Structures are given as structure tokens and as C-alpha cells.
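The values are calculated or read from the model by the stated rules, or taken from the named source; none is laboratory data. Note that the structure is predicted; figures quoted are calculated from it, not measured. Every residue, glycine among them, receives a Cβ derived from its backbone with ideal geometry; neighbour counts consider all protein chains shown.
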Amino acid sequence: KQEVTQIPAALSVPEGENLVLNCSFTDSAIYNLQWFRQDPGKGLTSLLLIQSSQREQTSGRLNASLDKSSGRSTLYIAASQPGDSATYLCASSMIKAAGNKLTFGGGTRVLVKP
Amino acid sequence: GAGVSQSPSNKVTEKGKDVELRCDPISGHTALYWYRQSLGQGLEFLIYFQGNSAPDKSGLPSDRFSAERTGGSVSTLTIQRTQQEDSAVYLCASSWTSGSRREQFFGPGTRLTVL
């Protein structure tokens, strides 16, 4: 059974600093890995999706890397802003599973201080 | 709208009552998922629909939970005889099933409170 872990659970940085968010998973037979942002009381916003054949994906200030052999994905957010404050979740789907149901990590709550 | 919508946004009910939660997926998406987000358990998969195939119910926590998807579009999650431990945010997502990306897009959720 896939287990997804995000450490640390919370992170506080000053504005302008780069953010590094970690995600680890136990089973490397993933189909894809997706990073989400969740604001308090809101649903999930998809940030980046990395397919199992890819090593990284980029969108603006966001870059996500994937290393299946070590069971890790990292989300980098460059030049953080107070508006980046939110909870960030990673989730994987499995090749062996029918459908694309996601297994989520517990999330990292980020606070960017002005 | 272009996104996934859910209703109601909030639902307060008394223990033992039945509730229905609704999800309208993105038009054309063939896959629909229900997840539950609670303080103690994080975000967990409940049920998955794809086209006309039998749904994957492997995440439903008890037989009090059921879901249906009519006409390949709107879905309803029903919880019978609600218990306090059912209190959570119920999230719906949809995606394509063709192609390799299969990115899931989530609705705003329904916050269920069982008193």
C-alpha cells in the first residue's frame, strides 16, 4: 500500500526566500504525482503534475522534480511572496491500481512573512 | 462554470439523519472521484467512477456510504444514519481518462458537521 509523507508539517520563511517542500512515497510504481495548493476553507488547486516518465515540471516560479528510485518529489517555489502562504499537498496515483485515485501526503503548511 | 462545483457548501445535521452531497464535474470529464478530508485522517479516497464501468468503492468506510453517478455526469454521495465521526470536508474531483496526464481538478468541497 502506497504511503505518502510530507515533512515538515509546517514551515515559516521570510518573504523573498526560496521554498523547498518535500514529498516522499514508499512505492515507486507511480503513474503520476500531483502537487496541490489548499487555502483555508477552500478546495484543492492543482499546481503541477509530473508523469512517471518525467523528471521535472515547471510553471512560473514553481518547479517540481521527481526521483522515483529514491521515492521523492520536491516542489521549489522561487522568491516566495506572502500570497504563497497556504498548505501544499502532494499526491500519487499508482500504475497497478485501476483508475487514477490519489494517495495524499499530510501536507506542509507554509507561512511567508512580509 | 468551467470548474467542478459542489453543493451544499456547508451542511449541519443531527446524528442519525441521512445526507446527500452533490458534485457537478467539469463537462466532458469521464472520471469522477470523491475524497474526504478530516482532521485525524487527512485526505482519503472514497469512491471512483469511470464512464459506464462499475465504480471502485474500495475507499468507502462503511455500508452507510453510497454514491451514484447519473448519466455519466452529476454524482451524489449519500451518507445514511450519520455519525459524529462522519464530520469532515467531502471533496469531489474529475479528470479525463484518455491521454497520459489525467490531472484531477477539485471542487470547493462540502463541509459536513454532524451534531
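Structure notes:
- Residues in the stretch A:21-44 that are in contact with a Ser or Thr (Cβ under 6 Å, 6 or more places away or on another chain) and closer than 16 Å to residue A:111 by Cβ: 3 in all.
- Hits in the stretch A:1-50 - residues which are basic (Lys, Arg) and modelled with pLDDT of 95 or more: A:37
- The single condition from (1) part of a loop (DSSP other than H, G, I, E, B); (2) within 12 Å of chain A (Cβ to nearest Cβ); (3) not charged (D, E, K, R) that residue B:45 fails is (1).
- When A:66, A:19, A:33 are checked against the criterion of being of a type in the set (A, V, I, L, M, F, W, C) and over 17 Å from residue A:103 (Cβ atoms), A:19 stands alone in meeting it.
- Residue check for residue B:111: facing another protein chain (nearest Cβ under 10 Å), in a strand (DSSP E or B) and within 24 Å of residue A:34 (Cα to Cα): yes
- Within the stretch B:55-76, the residues that satisfy the criterion of being surrounded by fewer than 18 Cβ atoms within 10 Å (Cβ to Cβ), more than 10 Å from chain A (Cβ to nearest Cβ) and not in a strand (DSSP E or B) are B:57, B:61, B:62, B:63, B:64, B:70, B:71, B:72, B:73, B:74.
- Considered as a group, the residues in the stretch B:9-54 that are within 19 Å of residue B:78 (Cα to Cα) and among the small types (Gly, Ala, Ser) include one that is surrounded by the fewest Cβ atoms within 10 Å (Cβ to Cβ), and that residue is B:54.
- On inspection, residue A:95 qualifies as surrounded by fewer than 12 Cβ atoms within 10 Å (Cβ to Cβ) and under 30 Å from residue B:53 (Cβ atoms).
- Test: residue in the stretch A:52-67 that is away from chain B (no Cβ under 14 Å), of a type in the set (Lys, Arg) and surrounded by fewer than 13 Cβ atoms within 10 Å (Cβ to Cβ): yes
- Looking only at residues in the stretch B:77-99 that are polar (S, T, N, Q), part of a loop (DSSP other than H, G, I, E, B) and closer than 20 Å to residue B:52 by Cα, the one that is nearest to the other protein chains (Cβ to nearest Cβ) is B:97.
- The strands (runs of 3 or more DSSP E) found entirely in the stretch A:14-114 that carry 2 or more residues being without any contact (Cβ under 8 Å) to a residue 40 or more places away in the chain and not charged (D, E, K, R) are A:44-51, A:56-59, A:62-67.
- Selected residue (only one of B:104, B:84 is closer than 21 Å to residue A:90 by Cα, polar (S, T, N, Q) and in contact with a Leu (Cβ under 8 Å, 6 or more places away or on another chain)): B:104
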